[in-house]
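Q: Following this message is one structure expressed as structure tokens.
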Amino acid sequence: MLDAIRNLDRGAQIRLSHGVARVLHTTAEVEARIAELGRRLAADYAGRIPILVAILRGGFMFQCDLARAADIPQEVDFLSLSRFDPHDKSRTSVKVLHDLRSDIRNRDVIVVEGIRTGSTKTEYLRTYLSLREPASIGFAALVHQGDGRNQGTPLQYVGFDIGDEFVIGYGLDYEERYRNLPLIAAFRPHDKRA
């Protein structure tokens, strides 16, 4: 199935067991954009050894390919965050489920997100990492969704801007499925009431 999906054009429909997906960005587009971002990142951090920190789980595939595309010495690490209460939008409602193993003091950190929606989790994360006194904190997101890219925590590297659609693929999921799709697709689940 994945081989056929790799060759789909933008706008193509994919029937999946949990709903229907529409291709927003093809495999070729995603690969080309990540290669471009990797070149920019390598130029921006030339002579330094940044740590690329993936936000689990949505950011791990993007981190993997971004790391390969950035032809500079680098390290990788992982963070996992969750909300205590999804209805509480305050900055204190975030919980760290998996912490960094790296010492980031005086290091350049690039936080790699699968999707940026403008949530308070990112603000919390920036404050949380700042307490460890890194030399710098940059942010990269494969997908940016929402109004005003530089509101709140700025993004230095953005793969694609999208509208208000639920997306899957390339690390992004629906009920922990479809992360392995090699493209970005808008997803409409089947009506569960039927």
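Q: Between a first residue in region 19-34 that is over 15 Å from residue 66 (Cβ atoms) and β-branched (Val, Ile, Thr) and a second residue that is modelled with pLDDT of 95 or more and surrounded by 21 or more Cβ atoms within 10 Å (Cβ to Cβ), which pairs have beta carbons less than 6 Å apart while being 6 or more apart in sequence or on different chains?
A: Note: pairs meeting the criteria are 23/183; 23/185; 26/183; 27/183.
Q: Give me the pairs: first residue in region 1-13 and over 10 Å from residue 183 (Cβ atoms), second residue of a type outside the set (A, V, I, L, M, F, W, C), beta-carbon distance under 6 Å, and six or more apart or on different chains, which are they?
A: Close Cβ pairs (under 6 Å, with a partner that is of a type outside the set (A, V, I, L, M, F, W, C)) amount to 13/22.
Q: For region 95-114, which residues satisfy the criterion of being among the aliphatic types (A, V, I, L, M) and modelled with pLDDT of 95 or more?
A: Within region 95-114, 104, 109, 110, 111, 112 qualify.
Q: Return the residue satisfying two criteria in turn: it lies in region 94-111 and is in a strand (DSSP E or B) and either under 14 Å from residue 130 (Cα atoms) or in contact (Cβ under 8 Å) with a residue 60 or more places away in the chain (or both), and of such residues it is nearest to the chain's Cα centre (by Cα).
A: Step by step, filter region 94-111, then rank; the result is 111.
Q: May I pose another question? Please enumerate the residues belonging to region 1-23 that are buried (at least 17 other Cβ atoms within 10 Å of the Cβ) and within 16 Å of residue 61 (Cβ to Cβ).
A: Once the filter is applied, which keeps residues that are buried (at least 17 other Cβ atoms within 10 Å of the Cβ) and within 16 Å of residue 61 (Cβ to Cβ), region 1-23 yields only 5.
The values are calculated or read from the model by the stated rules, or taken from the named source; none is laboratory data. Because the structure is predicted, anything quoted here is derived from the model rather than measured. Cβ: placed from backbone, ideal geometry, glycine included. Neighbour counts: every protein chain shown.
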